[in-house]
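Every number here is computed from the coordinates shown, using simple stated rules; none is lab data. Fair warning: this is a prediction, and the values are worked out from it, not measured in the lab. Every residue, glycine among them, receives a Cβ derived from its backbone with ideal geometry; neighbour counts consider all protein chains shown.
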Amino acid sequence: MRKDDPLDSVFETFLSTPTLFKERDALRPTYVPDRLPHRDQQIRYLGQILATALKSGIPSNILLYGKTGTGKTAVCKHVLQRLKEKSSELGLSLHYCYINCHIVDTNYGVLRNLCESLDLNVPITGLAKSVLFTKFRAALDLRDTLFVIILDEVDRIARKNGDETLYNLTRVNTDLKKAKISLIGISNDLKFKESLDPRVLSSLSEEELVYPPYKALELKDILDERAKTAFCESIVEPSVISLCAALAAREHGDARRALDLLRVAGELAEREGKNKVTESYVRAAKNVIERNTVLEVVTTLPLQAKLVLFAIYLLEHMELKQIVTGEVYDCYYDCCRELGVDPLTQRRVSDLINELDMLGIVNAQVVNLGRYGRTKKIRVAVHLKQLESMLTADTQIARLRDFIPQFKQKHLNQLHG
Ligand code: ADP
Ligand code: MG
């Protein structure tokens with residue numbers, strides 16, 4: 001054994017510290033718990049609509065809405081699982097296919113998944129969608145079954161690829177002789193409906209339900225139950241659960257965020273060899289999670305949006321008292337010139353600033369300049385140093401690292417001259 005091997009001590013420390021988790025996976029987003037507190041009403045509603053299947057009817061198509069982490073996916077999977085059990089008890093045939101359109105985000109992909117759930121082999125690419133659809137319909141109609149299709153995050157596919165497949169799926173029952181299908185669409189985006197073809201919308205949303213955000217006390221119940229499954233006894237202080245619940249309630253009542261806080265807090269405590277999860281680990285977890293969220297958003301921005309953000313960063317870095325839209329544009333313009341990128345119009349840049357504001361990376365506040373009209377006061381809303389390193393991870397933006405825009409030069413001259 002090498003004396004200076006750093007991993008030895010890492011492994012030794014890990015093995016000699018107490019195990020905090022009884023079932024770590026119970027805190028992961030993919031885990032579906034047996035009980036879903038505070039979703040009785042939603043479970044009952046979905047159950048009532050789908051119960052039609054138990055008397056060989058075709059359940060109405062359903063559209064479920066709600067912000068992320070309000071239990072839509074969990075409720076759906078839970079109800080379908082129970083329905084399937086009940087159906088087989090009664091000797092009825094029921095299939096369901098769950099597709100997350102955030103992952104499978106093409107019409108071809110959806111059709112391929114549907115075929116595969118009927119044990120049809122389909123190449124990854126190459127067939128015409130119409131051929132695929134016909135194959136699916138023919139294979140389905142060999143069975144005397146109800147086929148429930150759950151399209152989770154369905155807005156992704158409609159927005160990216162149009163609603164052709166959705167349209168075809170809402171029509172397929174008329175061509176089927178033995179089998180029947182029923183659709184459940186789930187969306188995190190409350191405005192999604194506006195972008196759908198009205199014909200698709202009316203058949204997809206025969207029934208509709210909005211999932212409200214969880215309140216802090218409801219999140220507390222959810223976390224309490226999950227903590228009992230996930231952690232060994234008396235590892236988690238009671239105030240930890242309340243804090244996770246309160247923080248997530250502020251964050252639009254997101255159960256996923258609440259569970260993430262608890263999991264990461266546990267992992268941080270474990271890493272430090274502690275045998276208790278305390279409030280300070282929850283606060284540390286909050287920072288880790290927020291940083292990761294910002295990182296994901298910033299790194300996936302298109303170049304133009306990154307340039308606008310970089311311009312705001314530069315201005316903030318100069319410690320101007322007030323940053324307004326016009327200055328951002330001038331600075332952005334200089335950056336584009338430096339990189340040989342065509343600058344967008346001021347109007348488009350203003351839109352991009354709004355988008356950055358909605359993403360929570362900057363704060364843009366409208367201020368009235370009296371007879372000079374209105375402008376926006378802009379501030380970076382995240383850690384400045386971290387933002388710099390996230391932006392300069394982009395090879396193009398990295399070329400601007402030591403760049404002094406003409407505009408900034410002008411300001412410096414004013415300050416010092
Ligand atoms: P959505 O699909 O609305 O974004 P999910 O159903 O994926 O939300 O829920 C997010 C996380 O929170 C999942 O891990 C899920 O198990 C959990 N969760 C949501 N609602 C409840 C509930 N009422 N009881 C227990 N866990 C829940
Ligand atoms: Mg979901």
Discussion item. Within a 10 angstrom radius of the beta carbon, how do L54, L64 rank from fewest other beta carbons to most?
Written reply: L54, L64
Worksheet entry | Estimated distance in nm for a label pair at E164 and R347, the labels positioned 7 Å out from Cα along Cα-to-Cβ | 3.1 nm
Worksheet item: Roughly how tilted is helix 107-117, in degrees to the nearest 10 and between 0 and 90, from the longest Cα axis of the chain?
Response: 40 degrees
Response to the item:
In nm, the gap between the two label points placed 7 Å beyond Cα toward Cβ at D34 and K77 is 1.7 nm
Response to the item:
the chain, Gaussian network, Cα under 10 Å: of G266, G253, G373, the residue fluctuating most is G373
Discussion item. What is the angle, in °, between the Cα long axis of helix 40-50 and the longest principal axis of the Cα atoms in the chain? Nearest 10 is fine, range 0 to 90.
Written reply: 50 degrees
Worksheet item: How much length, in nm to one decimal, is gained on full extension between V131 and K377, taken as 0.36 nm per residue of separation minus their Cα-Cα distance?
Response: 83.1 nm
Worksheet, complete the sentence: Looks like the chain, by Cα gyration tensor root eigenvalues a ≥ b ≥ c and the a/c under 1.5 rounded cutoff (else prolate when a/b is bigger than b/c, oblate otherwise), is oblate
Fill in: Value of relative contact order over the chain, rounded to a whole percent, pairs C-alpha under 8 Å and six or more apart
16 percent
Worksheet item: Among T68, T106, T299, which one moves the most in a GNM of the chain with springs linking Cα atoms closer than 10 Å?
Response: T299
Worksheet item: Say each of D141 and E85 gets a label point 7 Å from the Cα, pointing the same way as Cα to Cβ; how far apart are those two points in nm?
Response: 3.5 nm
Fill in: Ranked T30, T19, criterion: other C-beta atoms within 10 Å, fewest first
T30, T19
Discussion item. On C-alpha positions alone, give me the angle between the axis of helix 6-16 and the longest principal axis of the chain, in degrees, nearest 10.
Written reply: 50 degrees
Discussion item. Rounded to whole Å, give me the distance from the Cα center of segment 147-219 to that of segment 245-290.
Written reply: 33 Å
Worksheet item: Using a Gaussian network for the chain with springs between C-alpha atoms less than 10 Å apart, which of these wobbles most: R379, R226, R39?
Response: R379
Worksheet item: In what order do C244, C232 fall by count of nearby beta-carbon atoms within 10 Å, going from fewest to most?
Response: C232, C244
Worksheet, complete the sentence: If the chain between R250 and N121 were fully extended at 0.36 nm per residue, the gain over the current Cα-Cα distance would be 41.8 nm
Worksheet entry | FRET efficiency estimate (nearest 0.05) - Cβ-Cβ, E355 to K55, R0 60 angstrom | 0.75
Item to complete: Sum -39500 (n - 2.57) across every DSSP H segment of at least 4 residues in the chain, then divide by the residue count to get the 222 nm mean residue ellipticity, nearest 500.
Response: -16500 deg cm²/dmol
Discussion item. Of L7, C335, G373, which is farthest towards the positive pole of the chain's charge dipole, taken about the Cα centre with +1 and -1 on the beta-carbons of Lys, Arg and Asp, Glu respectively?
Written reply: G373
Fill in: Selection of trypsin sites (Lys or Arg not before Pro), segment 261-334, meeting DSSP coil and at most 11 other Cβ within 10 Å
K321
Worksheet item: Using a Cα distance threshold of under 19 Å, what count of lysine pairs results for segment 42-174 when pairs must be 8 or more residues apart or interchain?
Response: 6
